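Here is the structure we will look at.
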Amino acid sequence: MAARVTRRDFLNGVAIGAGGILLQGCGGDIDASTKIPLGAPTKFTPPDPADYYPPTLTGMRGSHDGSFEVAHDLAWRGQKPAQYQALDEHYDLVVVGAGMSGLAAAFFYRKKMGPDARILILDNHDDFGGHAKRNEFHQDGRMMLSLGGAQNLESPSSYSEVAGGLMNDIGIDDVFVAAMAVNTPDNMALAGKLDADNGVSLPGPDGHVTISGNWNAAMYGGEGYEKTVRALPISSNEQDILIDYFGGKRDFLDGLSLSEKWDYVNSVSYNRFLLERVGLDENTLPIMNAIIIHLSGFSGWNLTVLEAIGNGASGIKAMGWLGKAAAKVGGVFLESLVEVRMFPDGNASVARLLVQKLIPDVAPDMKGPEDVAVARFDYSALDRDNQGTRLRLNSTVVGVREVDGEHLEVDYVQHGKALRVTAEHSVLACYNNLIPHLCPEMSEPQKEGLSYGVKTPFVYANIQLDNGRAYSKLNATLFQCPYDPFQWVSMAPNLTIGGYEPPRGPDDPMVVFMMHSPMNQTTSQDGSGRDQLRMGRHVIYSTPFASYEQQIREQLQSMLGEHGFDHERDIRAITVNRIPHGYAYPYLALDDPKWEEGQAPHEIGRAQFGRISIANTDSEAIALMDAAFDAAWRAVQEQT
Ligand SMILES: Cc1cc2nc3c(=O)[nH]c(=O)nc-3n(C[C@H](O)[C@H](O)[C@H](O)COP(=O)(O)OP(=O)(O)OC[C@H]3O[C@@H](n4cnc5c(N)ncnc54)[C@H](O)[C@@H]3O)c2cc1C
């Protein structure tokens, strides 16, 4: 994600740089009576092939109805069909999961084995891309795009040779990446423009108090930060502390030796530091957490001070002169490394490029990255029997097993039908946690390794507005809303990339992009980060579309009402992308031991299992697209 200042680079460069220097030297309840329904959310119904086009569906998307029930029956209750209809289909490779890793696995396999290789990709959703999903809206002849999940390419120059090679193969080479930079407007904070205005919006007595300017810079003591903090509707005592903290006016680790400081930042949670050493009130924590819950998926209770700072939290200046030196180094690092690049529909464009390379008939006239954003895909071409690669949607795999050492049987359920295909090899590019249920014959240590991590839950919503007049009066494209259910609110990417022409003026229709994390921010809770993730996942599974709709309407009305916005009149459509199984688990210093090389759960879990190999970002414990590609490469190498 964009303002995610390239998580890996930030961590490797800034935090470790900072650490190195330090080391050297040292949601509210819904009132049903006020609810205004938008209409029933779109539910999945078996498609009419002629008009099957999932990107335009609204209502509850992401983990949509019909996509998860079969897998939950298997994982939660150990239930799956007893009988399967054997299809007359035998493949060289069956890939489970049509996310970036599964698509890349098919791509690498085909590249290595040639175009005659018979490949089947199965996915439980009604659209491909996994986390990288496209949301598409239409109004008055204009198409508007937004992110249904994974946002940006992060830092292509740091990709491995194989991941970079795949990007080149689909046309995203250095020249194109440079063109993406040029075509990203300077006001697009979501697309990593560090100098773009981005604001903060807090509930006040008469609707939200919205402060534009550069809030991210203010949090690091940038120009005008004192004025910005004084404008926040919080007590003057909290403002005083924030001014000292953002500006680095005091050393909040005063009294500790350099090595004690190092131990402290590596062993104490960020929120505890804020409460106990900085002296902030518990109620101010969300202001400090809003950035990290989106960049990392965790609140400041789950991250050490150093991990939080590595994920974008402010405070490095407030740890004495060494912190200030580190901040300077970090700033230089940031300037040189931040090269977040984004398509208007996020990494969905990368998924589309891969799918079109594998199955050209889906968009025969598409040239490549230069028109991928506007190409209309023909989903009926995904699963034809006369082509080498087939992509079969709405198909949940429930078993993959070797038969007599000769081939594999792959069992799946599609629209209630239990079906079986056979294959020479399989790459499981689905979630690690599910794999022990698909392959119960695996060893217990491998199953334990696969079951260890928990993915981070998120909700990404897109709201189609009749026009952008009220939003334009906020004077920035992106806002952090620490006290709202949706903690980030942004204009959808207004990039002219991939042939896309975004809305240009306030009178045009627009799409607002809103991000929600269910992670608890204020009070410390018992249990590990993984427990907190499970609780967050439960929250979003048990929250119906109507509740999200209500939250969205209330939040937007409160933010935009003073500028003439009327949610009943101005909201045209709402798409809620529910993402219960989000970022791969990265291990936390507060919870996890330092594993010996090769002994981390994901490393034990991803071991080749005969004709079956494991890809996906869980297997790398890194929630980035290039990690998905690296995992796919490893899995294909194992099987070829
Ligand atoms: C909200 C969000 C934002 C992100 N933003 C970025 C970003 O900006 N940049 C970046 O580099 N990375 C980002 N990521 C990380 C992202 O996870 C990776 O980049 C990548 O998209 C993950 O791909 P994957 O194939 O490993 O997993 P997934 O995308 O999860 O794909 C796995 C697929 O397998 C399917 N599946 C699971 N079980 C079965 C089954 N039994 N049968 C059939 N199919 C099954 C799943 O439903 C899914 O479709 C983001 C992630 C999230 C959640």
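The values are calculated or read from the model by the stated rules, or taken from the named source; none is laboratory data. This structure is a prediction, so every number in the text was calculated from the model and none was measured. Methodologically, a virtual Cβ is constructed for each residue, glycine included, from the backbone with ideal geometry; neighbour enumeration extends over all protein chains shown.
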> Which residues, counting only those in segment 606-640, are touching a Phe, Trp or Tyr at 6+ places or on another chain (Cβ under 7 Å), part of a helix (DSSP H, G or I), among the hydrophobic types (A, V, I, L, M, F, W, C) and within 11 Å of the ligand (Cβ to nearest atom)?
Replying inline: Ala632
> When you go through (1) part of a loop (DSSP other than H, G, I, E, B); (2) modelled with pLDDT of 95 or more one by one for Lys594, which number turns out not to apply?
Replying inline: (2)
>> Going by what's in this entry, would Ala470 be described as part of a helix (DSSP H, G or I), more than 16 Å from the ligand (Cβ to nearest atom) and under 30 Å from Gln139 (Cβ atoms)?
In response: yes
> For segment 396-423, which residues satisfy the criterion of being away from the ligand (no atom under 15 Å from the Cβ) and in contact with a strand residue (DSSP E or B) (Cβ under 7 Å, 6 or more places away or on another chain)?
Replying inline: Glu402, Val403, His407, Thr422
> Within segment 341-364, which residues are modelled with pLDDT of 95 or more, not in a helix (DSSP H, G or I) and not hydrophobic (A, V, I, L, M, F, W, C)?
Replying inline: Pro344, Asp345, Gly346, Asn347, Pro364
> Say we look at segment 596-605 and pick out the residues that are crowded, with 22+ Cβ neighbours inside 10 Å and over 23 Å from Ala150 (Cα atoms); which of these is farthest from the ligand (Cβ to nearest atom)?
Replying inline: Pro601
>> Looking at Gly129, Gly141, can you tell me which residue is among the small types (Gly, Ala, Ser), within 14 Å of the ligand (Cβ to nearest atom) and either touching a helix residue (DSSP H, G or I) at 6+ places or on another chain (Cβ under 6 Å) or at pLDDT 90 or above (or both)?
In response: Gly129
>> Test of understanding: among Asn198, Asn237, Asn152, Asn216, which residue is among the polar types (S, T, N, Q), within 28 Å of Ala290 (Cβ to Cβ) and within 16 Å of the ligand (Cβ to nearest atom)?
In response: Asn152
> Taking Glu568, is it surrounded by 23 or more Cβ atoms within 10 Å (Cβ to Cβ) and either at pLDDT 95 or above or in a loop (DSSP other than H, G, I, E, B) (or both)?
Replying inline: no
>> Filter segment 378-392 down to the residues that are buried (at least 22 other Cβ atoms within 10 Å of the Cβ) and part of a loop (DSSP other than H, G, I, E, B) and list them by number.
In response: Leu382
> Among the residues of segment 608-640, which ones are under 15 Å from Glu161 (Cα atoms) and basic (Lys, Arg)?
Replying inline: Arg634
> How many residues does segment 424-450 contain that are within 14 Å of the ligand (Cβ to nearest atom) and small (Gly, Ala, Ser)?
Replying inline: 2
